[in-house]
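Remarks on the structure that follows.
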Ligand code: GLC
């Protein structure tokens, strides 16, 4: 097996053998990310498969930060490494990683037909099904019901109202002795998660989608600039300055400790907030993210799939593991215990799923209308595009650039990269 070039990335891979393979069987290495309950649920489902199939499974833990995870995968895959057999693949990665992933069609026995067609299309690269959908994500607004009630505030539907309410509750709670109270936490680190947050701000201000479906770049516009400026004004006022280095789990840490009124996060945060040991259990509501003055609410579409590396020595067994992990039974369990949104439409009619996760039914439109990042149109260049976008946003948030300058530079660079709309 090729050695890793950077030890820091290599060190990020922690592995432990869970279920030894029976003689003649394979031991499959599956990369499960560790956000919230992800690793535990992933391990349990993989172990169940191992016990049934007689194969072994080993859980590999890549970095939680989506951008670091991608860098690690790209490094391993470029080296043709068999260090990971089954990979957790972000909804924006199939185009980036397709060349290194196995076509699963010969193994699925048509199982993909049960999943949302848009997700399957997203995971199909030049006719090859390179990943099976596992769970869907969309950005949501989590809020403290008890605090809104105490201060007699409605759930905000505009960013402006959110800022006013956040400030009022933050000030009131601090005056009452909770010095650590903040108004709003979100993901402001320079990584893929910031691209998700910033796309929501821009799209909800009517500022477009970074790169349009036709490949054209129109991000330099006054609405997008207003969106970024609006978010920059939160930093140090209703959001801690440290938000500039927050990913999902850092923001959840603050919210779940009871130190924030509002949080932007993915659905997984729901079941943790409602957990038995949670200090905010029973005090949390979930709503659509707010809208800007000239826009309507926008949630970024996220989600994860499972893929098999082309360099796996056990492709058939690895594909079986993927089919098990993405099956209705496993997705239902993950929805009930981890509030992971299924990729199987049938499960959205399941009363148990809806009872455990009322927002899945109530916010159906949020999920159906979620805004996609321009991964399909920019194909192999998506990560460069996103990198430029999150850096531009980060520069504005941290006060290093004005929004219109940052967007002008971003647009010029994206236009060069996209050669007039011909990205591939
Ligand atoms: C979640 C989403 C993914 C997104 C990432 C950003 O993992 O599923 O689509 O890219 O968050 O941090």
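What follows is calculated from the coordinates using simple rules that are stated; it is not laboratory data. All figures in this text were calculated on a predicted structure; none of them were measured in a lab. Cβ: placed from backbone, ideal geometry, glycine included. Neighbour counts: every protein chain shown.
Computed log10 I(q)/I(0) for the chain at 0.06, 0.12 Å⁻¹: -0.24, -0.99, from the Debye equation with unit scatterers placed on every C-alpha and solvent omitted. Helix 382-397 and the longest principal axis of the Cα set of the chain meet at an angle near 30°.
Return one number: the angle in degrees, 0 to 90 and rounded to the nearest 10, between the long axis of the Cα atoms of helix 159-175 and the longest principal axis of the Cα atoms of the chain. Rounded to the nearest ten degrees, it is 80.
A simple spin-label model places pseudo-atoms 7 Å from Cα toward Cβ; at residue 171 and residue 409 they are separated by 3.5 nm.
When the chain is treated as a GNM, springs tying every alpha-carbon pair under 10 Å, which of 272, 363, 321 comes out with the largest mean-square fluctuation? Ranking 272, 363, 321 by mean-square fluctuation puts 363 first. Relative to the 2.2 N^0.38 Å rule of thumb, segment 286-424 has a C-alpha radius of gyration ratio of 1.38.
Estimated from the Cβ-Cβ distance and a Förster radius of 45 angstrom, the FRET efficiency linking residue 368 and residue 75 is about 0.80. On the principal axes of its alpha-carbon atoms, segment 28-170 has extents of 57, 33, 32 Å, going from largest to smallest. Counted residue by residue at 0.36 nm each, then reduced by the alpha carbon distance between them, the extension gain from residue 179 to residue 328 reaches 49.1 nm. FRET efficiency for the pair residue 281 and residue 419, taken as 1/(1 + (r/R0)^6) with r the Cβ-Cβ distance and R0 = 45 Å, rounds to 0.30.
Between residue 398 and residue 149, the modelled label-to-label distance comes to 4.1 nm, taking each label 7 Å out from Cα in the direction of the beta carbon.
Semi-axis lengths, largest first, of the ellipsoid equivalent to segment 357-424 are 28, 19, 9 Å, with √(5λ) applied to each eigenvalue of the Cα gyration tensor. Computed on segment 236-357, with alpha-carbon pairs under 8 angstrom and 6+ residues apart, the relative contact order is 18 percent. Computed from Cα positions, the angle between helix 192-204 and the longest principal axis of the chain comes to roughly 50 degrees.
Take every pair of alpha-carbon atoms less than 8 Å apart whose residues are at least six positions apart; their mean separation over the length of the chain yields a relative contact order of 23 percent. As a length-normalised measure over Cα pairs under 8 Å and 6 or more apart, the relative contact order of segment 194-287 settles at 15 percent. Once a ≥ b ≥ c are taken as the square roots of the eigenvalues of the Cα gyration tensor of segment 266-322, is the result rounded (a/c under 1.5), prolate (a/b larger than b/c) or oblate (a/b not larger than b/c)? Note, shape of segment 266-322 comes out oblate.
Rounded to the nearest 0.05, the FRET efficiency derived from the C-beta distance between residue 40 and residue 245 at R0 = 22 Å is 0.30. Using every pair of distinct Cα positions in segment 183-303, the Kirkwood expression returns a hydrodynamic radius of 15.1 angstrom. Percent of Cα pairs in segment 148-237 per distance bin of 5 Å, from zero to the largest separation: 3, 13, 19, 21, 17, 12, 8, 4, 3, 1, 0.
Each stretch of four or more DSSP H residues adds -39500 (n - 2.57); spread over every residue of the chain, this sum gives -12500 deg cm²/dmol at 222 nm. Shape analysis of segment 102-194 places it in the prolate category; the axes a ≥ b ≥ c from the Cα gyration tensor give an a/c of at least 1.5, with a/b above b/c.
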